Amino acid sequence: NGRENKKSTGIGLYLCKRIMDQLCHKIRIDSTPGEGTVVTLDLNKQQIFLE
């Protein structure tokens with residue numbers, strides 16, 4: 001996780017997911033130990049129908 005104390009809460013990923021959900025976008029995270037992590041943000045516009 002890049003930290004000296006090896007502790008993390010995951011709150012950052014949680015907040016990113018909440019924000020992306022509220023903006024109707026998607027976030028995807030793929031991680032491979034020893035290789036790295038890829039974060040993909042899907043910013044395509046989606047049609048939202050409100051009644």
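Go through THR9, THR32 for me and flag whichever is over 10 Å from the mean Cα position of the chain (by Cα), modelled with pLDDT of 90 or more and exposed (fewer than 10 other Cβ atoms within 10 Å of the Cβ).
Values: THR9 fails: modelled with pLDDT of 90 or more.
Selected residue: THR32, the only one of THR9, THR32 that is over 10 Å from the mean Cα position of the chain (by Cα), modelled with pLDDT of 90 or more and exposed (fewer than 10 other Cβ atoms within 10 Å of the Cβ).
How many of the residues in region 18-29 are among the hydrophobic types (A, V, I, L, M, F, W, C) and more than 10 Å from the chain's Cα centre (by Cα)?
2
The values are calculated or read from the model by the stated rules, or taken from the named source; none is laboratory data. These numbers come from a predicted model, not from an experiment. Don't worry about glycine lacking a Cβ; one is built from the backbone with ideal geometry, like all the others, and counts go over all protein chains shown.
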